[in-house]
Amino acid sequence: MDLNLKEMFFIFLRGLFMGSADIVPGVSGGTIALITGIYERLINAISSIRFSFLKPLLKGNLTDFKVKLIEEIDFELFIPLFLGIGIAFITLAKVISYLLDTQTAYTFSFFLGLILASAYILYTKLEDFNLKLIIITAIGIILSYIFVGLNPIATNHSLIVIFISGLIAICAMILPGISGSFLLLLLGQYQYMLNALNSMKIIEIIVFCAGALIGILGFSKLLNYLLENYESATMAFLIGIMVGTLRLPINQISTTIHGSWIPCIILAIIGFAIIFVLEKKFKKEKH
């Protein structure tokens, strides 16, 4: 396995951005993966894991185990990517939590810009935006708009609930436009898991990650199938989801803003610009 350190460094940066996005209710790490040009590789790499390397391991054949493990798992992708995501989770959890509590309107204004730019960039990647895709986009908008308006569920924090929450949330986290953090918010687990991360509650974190692992291995296969066979329709639906989820930042801004709207507009523009810079930078690096 020949390591391309430059490529792995850029993958690590993608992981940092994805992890930062996944912490925030309303912003999707899958969106960041998509606009930085790594989404299809990530979904394909995850869906390709079939654990065939376990067979020679159980037989004690370490040579075949090593060969099949390297063939089946894209370590050059997973190691730097998940390292970046993990570092972002650990270092930014407290920062994001503080900003959401103390600077709610300004923080969500920045997120609003991120989501708008992401939706626009996805739109530019569609080859033909016909009537069929417009209808699919409209369905995505309606469904996500309704979803965002749901009230959080009052539930407990038992290990089985945490496991199921991880399983469900990870499916949203790898979908562009759907925020896994917001799904955790609806499940009543967001603040609890954020505190668990800040306090390093190892058991809760392991159980959540176990649910997430099982969820992502199953759901990635469906996503990979849709992207391979219905790419335009899938992308159109995801654009609709992004536009519909704008309900969350808009509601948060309008209910928490105090004083002038100008700082909010400026922060939204900055968020919009950052996504464009990221997309162009990683597109250039990819080619």
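The values are calculated or read from the model by the stated rules, or taken from the named source; none is laboratory data. Model, not experiment: these values are computed from the prediction. Quick reminder, even Gly has a Cβ in these numbers, built from the backbone with ideal geometry, and neighbours come from all protein chains shown. All accessible areas refer to the heavy atoms of the entire protein, side chains included, with ligands and DNA or RNA removed. Shrake-Rupley method; radii C 1.70, N 1.55, O 1.52, S 1.80 Å.
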What number of residues within region 238-273 satisfy the criterion of being β-branched (Val, Ile, Thr) and within 18 Å of Ser28 (Cβ to Cβ)?
5
Of Ile205, Ile239, which residue is modelled with pLDDT of 80 or more and over 15 Å from the mean Cα position of the chain (by Cα)?
Ile205
Within region 218-245, how many residues turn out to be closer than 22 Å to Leu185 by Cβ and of a type in the set (Gly, Ala, Ser)?
2
Within the bounds of region 76-85, is there any residue that is aromatic (Phe, Trp, Tyr), open to solvent by less than 70 Å² (accessible area, probe 1.4 Å) and under 26 Å from Ile38 (Cβ atoms)?
yes
Mind checking whether some residue in region 74-93 is aromatic (Phe, Trp, Tyr), under 19 Å from Tyr190 (Cα atoms) and either free of Cβ contacts under 8 Å to residues at least 24 places away in the same chain or assigned to a helix (DSSP H, G or I) (or both)?
yes
For Ile49, state whether it is surrounded by 15 or more Cβ atoms within 10 Å (Cβ to Cβ), of a type outside the set (Gly, Ala, Ser), at pLDDT below 85 and more than 24 Å from Phe276 (Cβ to Cβ).
yes
So Asn61 ticks every box in (1) without any contact (Cβ under 8 Å) to a residue 60 or more places away in the chain; (2) under 24 Å from Leu183 (Cβ atoms); (3) open to solvent by less than 70 Å² (accessible area, probe 1.4 Å) but one. Which box is left unticked?
(2)
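When you look at Ile139, is it assigned to a helix (DSSP H, G or I), in contact (Cβ under 8 Å) with a residue 40 or more places away in the chain and under 22 Å from Ala268 (Cβ atoms), yes or no? Outline the logic, then answer.
On the way: assigned to a helix (DSSP H, G or I): yes; in contact (Cβ under 8 Å) with a residue 40 or more places away in the chain: yes; under 22 Å from Ala268 (Cβ atoms): no.
Against the criterion (assigned to a helix (DSSP H, G or I), in contact (Cβ under 8 Å) with a residue 40 or more places away in the chain and under 22 Å from Ala268 (Cβ atoms)), Ile139 does not qualify.
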Here the residues within region 29-48 that are closer than 20 Å to Asn229 by Cα, β-branched (Val, Ile, Thr) and not in a helix (DSSP H, G or I) are Ile38
Checking Gly140 against (1) open to solvent by less than 30 Å² (accessible area, probe 1.4 Å); (2) more than 28 Å from Leu217 (Cα to Cα): exactly one of these is not met. Which one?
(2)
Inside region 33-47, the number of residues satisfying the requirement of being without any contact (Cβ under 8 Å) to a residue 60 or more places away in the chain and either over 16 Å from the mean Cα position of the chain (by Cα) or more than 22 Å from Ile121 (Cβ to Cβ) (or both) is 1
